[in-house]
Amino acid sequence: MAQPAVIAPPLKDELDIVIPTIRNLDFLEMWRPFFQHYHLIIVQDGDPSKTIKVPEGFDYELYNRNDINMILGPKASCISFKDSACRCFGYMVSKKKYIYTIDDDCFVAKDPTGKDINALEQHIRNLLTPSTPFFFNTLYDPYREGADFVRGYPFSLREGVPTAVSHGLWLNIPDYDAPTQLVKPLERNTRYVDAVMTVPKGTLFPMCGMNLGFNRELIGPAMYFGLMGDGQPIGRYDDMWAGWCMKVIADHLGLGVKSGLPYIWHSKASNPFVNLKKEYKGIYWQEELIPFFQSVSLPKDCTTVQKCYLELSKLVKAKLGKVDDYFLKLADAMVTWIEAWDELNPLEAKPAELSNGASK
């Protein structure tokens, strides 16, 4: 009898899974059926002398703060310490085309039929199909099985654009800020919405880093999670900062961002009082940050992600430096991040230029 053909996991050799952590990674046992064929990059936060245990059978590399300092030297100052923002170091050292990043308190969720959700597979599906940022399709993602473009959708836009980011969601503990956590301590997200949609051009969104996939070759240098945590006046805005920067650059370069499926199970709520201490300046500052990002206009000669990001750093220094000196420091760190990225990825320092977005 002929043996059934073994189907290789999608993008097995083209995708790294990046995990920031301060604890043993027992949670990987639950993900073993989905992650075991992929390479993991683990970024250990906090005390570098602590030993992090990883379940047997996984292919991984682990970096702690000493490694980061040794690899980046003085440029290590751009990588946050004692904050999950340290994960972006994993993006920098990866040599793969795609990245999936997940937090260590995120478990496998079940769909409404009770079947385990392969989040990684859905992210890959999102990233390998185009986005439609220039015209909204009322059936959401037209590239899903059983869907298409609706009547009245311009045929000239139906090819879509490359998808740079796939933003997944969470069941159980919602991704709330501290004030909302405090007034809704028992609220849980039980709604499974079976939908994926493209975030329209010109629209910002609060990106969450706990269940996130992206095309590193298309948008990697823009996925900097900022200066957060130890020694900084703000925390818990790392992924949102990256999302705002990424989105204005994706819009400029004609790239797409999808949000929706897949869901993971967010297992535990962080302490709202600790969160409030980290967030309170951000809650105040975001009322100026959002109008800033909404008004950003990048020059047409910014035709690579690196050029866009360096231009954005200048705007951050000029416009947001007036809000607080922290943004002067952050703008400098943005430049350091790009310098470090190009140093570790010399072949990407001069990537193929994208011109389709600047003219749209």
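In table form, for the structure just shown:
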item: Label zone at D59, where the point sits 7 Å out along the Cα-to-Cβ direction: the stretch 15-48 residues whose backbone N lies under 11 Å; result: 15-16, 36-40
item: Solvent-accessible ranking of K201, K95, largest area first, probe 1.4 Å; result: K95, K201
item: Cα centroid separation - the stretch 270-290 against the stretch 64-102, whole Å; result: 24 Å
item: Amide N of the stretch 209-236 lying under 20 Å from the label point, which is placed 7 angstrom from the Cα of Y280 along Cα→Cβ; result: 228-236
item: Set of aspartates and glutamates with alpha-carbon distance to K50 below 15 Å, sequence-local pairs under 8 removed; result: D67
item: Shape category assigned to the stretch 169-302 from the gyration tensor of Cα positions, a/c cut at 1.5; result: oblate
item: Anchor K12: aspartates and glutamates whose Cα lies under 18 Å away (excluding residues fewer than 8 positions away in-chain); result: D59, E61, E121, E217
item: Overall form of the stretch 222-270 per C-alpha gyration tensor (a/c, 1.5; a/b vs b/c); result: oblate
item: Extended-chain gain in nm, criterion 0.36 nm per residue less alpha-carbon gap, F155 and K322; result: 55.6 nm
item: Length added when fully stretched, D148-R23, from 0.36 nm per residue minus Cα-Cα; result: 40.6 nm
item: Prolate/oblate/rounded label for the stretch 72-116 (Cα gyration tensor, a/c 1.5); result: oblate
item: The chain, helix-only ellipticity at 222 nm - DSSP H runs n ≥ 4, -39,500 (n - 2.57), divided by all residues, nearest 500; result: -9500 deg cm²/dmol
item: Violating pairs (Cα-Cα greater than 28 angstrom) within the set K110/K184; K82/K268; K75/K314; result: none
item: Partners for K317 among aspartates and glutamates (Cα-Cα distance below 16 Å; same-chain residues under 8 apart left out); result: E288, D325, D332
item: Neighbourhood net charge (15 Å Cβ-Cβ; Lys/Arg +1, Asp/Glu -1) for E279; result: -3
item: Using alpha carbons only: equivalent-ellipsoid semi-axes of the chain, gyration tensor based, whole Å; result: 28, 27, 22
item: Area accessible to solvent at S297, 1.4 Å probe radius, in Å²; result: 100 Å²
item: Relative packing of peptides 319-331, 179-191 - highest average C-beta neighbours within 10 Å first; result: 319-331, 179-191
item: Point-to-point label distance, K50-L139, nm (Cα→Cβ direction, 7 Å offset); result: 5.0 nm
item: Summed residue charge, Cβ within 10 Å of R216's Cβ, Lys/Arg positive, Asp/Glu negative; result: -1
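The values are calculated or read from the model by the stated rules, or taken from the named source; none is laboratory data. Quick caveat, the model's predicted, so the values are computed rather than measured. Using ideal geometry, Cβ is built from the backbone for each residue, glycine included, and neighbour counts are taken over all protein chains shown. What goes into the accessible areas is simple: the full protein's heavy atoms, side chains included, and nothing from ligands, DNA or RNA. Shrake-Rupley method; radii C 1.70, N 1.55, O 1.52, S 1.80 Å.
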